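What follows is a single structure, written as structure tokens, with notes after it.
The values are calculated or read from the model by the stated rules, or taken from the named source; none is laboratory data. Every value quoted in this text rests on a predicted model; they were computed, and no experiment measured them. All Cβ positions, glycine included, derive from the backbone under ideal geometry; neighbour counts span all protein chains shown.
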Amino acid sequence: MELLIVDGYNVINAWPELIAIRDNLEYARDKLVDILSEYGAYKRFRTIIVFDAHMTTEKSSSQSKTGALAVIYTKEGETADSYIEKMVYDLVCHKKRIYVVTSDRAEQMFILGAGAYRISARELKNDVAAVKKEIAASLSTKVLARDRHELGSRLEEDIMKRLNAMRRDGLD
């Protein structure tokens, strides 16, 4: 399974719909996690979202995990960038295929130099939108393809004639 590592605050500060709600940082983080959970599941990525330990007094990093998605908050004084750099270095050495989402230029240079693939926040936004369209198209196709079970196909002919007559008479 391929790995997608996301610099959470970098994306929140780059996507207009998340910028609009970043006054409520917890809500913006939750919204990003929801979006990337669906995206990662569809693309079959193991997804890790890393947030700086922003406005916290935690001495150590914390992590929550649901299925193939993990959310990591760095420890106090540790940036998401440095956490991601260490993680990429360790995982690339194990021949893992890693994609890192950040629009930070210096971070992108490190990512490429370490042997991982970089995706900008804007590129991710475009791919998320394309995936949402694919999901919607797939769902609408499945709904249309489903067998229809209309009442008319299960009634006897004489009953159908009487019901149609009642319908016509009711329209006059």
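Would you pick out the residues in region 69-120 that are in a loop (DSSP other than H, G, I, E, B), touching a helix residue (DSSP H, G or I) at 6+ places or on another chain (Cβ under 8 Å) and closer than 21 Å to residue 53 by Cβ?
74, 102, 103, 104
Every residue in region 110-124 that is surrounded by fewer than 18 Cβ atoms within 10 Å (Cβ to Cβ), modelled with pLDDT of 90 or more and of a type outside the set (Asp, Glu), please.
Those that are surrounded by fewer than 18 Cβ atoms within 10 Å (Cβ to Cβ), modelled with pLDDT of 90 or more and of a type outside the set (Asp, Glu): 117, 120, 122.
Results for (1) under 18 Å from the mean Cα position of the chain (by Cα); (2) modelled with pLDDT under 95; (3) exposed (fewer than 12 other Cβ atoms within 10 Å of the Cβ), shown as yes or no for each residue.
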position: 32; (1), (2), (3): yes, no, no
position: 47; (1), (2), (3): yes, no, no
position: 64; (1), (2), (3): yes, yes, yes
position: 73; (1), (2), (3): no, yes, no
position: 83; (1), (2), (3): no, yes, no
position: 95; (1), (2), (3): no, yes, yes
position: 98; (1), (2), (3): yes, yes, no
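Where the second residue is hydroxyl-bearing (Ser, Thr, Tyr) and part of a helix (DSSP H, G or I) and the first is over 16 Å from residue 73 (Cβ atoms) and without any contact (Cβ under 8 Å) to a residue 40 or more places away in the chain and lies in region 19-33, which pairs have Cβ atoms under 7 Å and are six or more apart or on separate chains?
Here the result reads 21/27, each pair linking region 19-33 to a residue that is hydroxyl-bearing (Ser, Thr, Tyr) and part of a helix (DSSP H, G or I).
Mind checking which pairs have a first residue in region 161-172 that is surrounded by 10 or more Cβ atoms within 10 Å (Cβ to Cβ) and a second that is modelled with pLDDT of 85 or more, Cβ under 8 Å, 6 or more apart or different chains?
none
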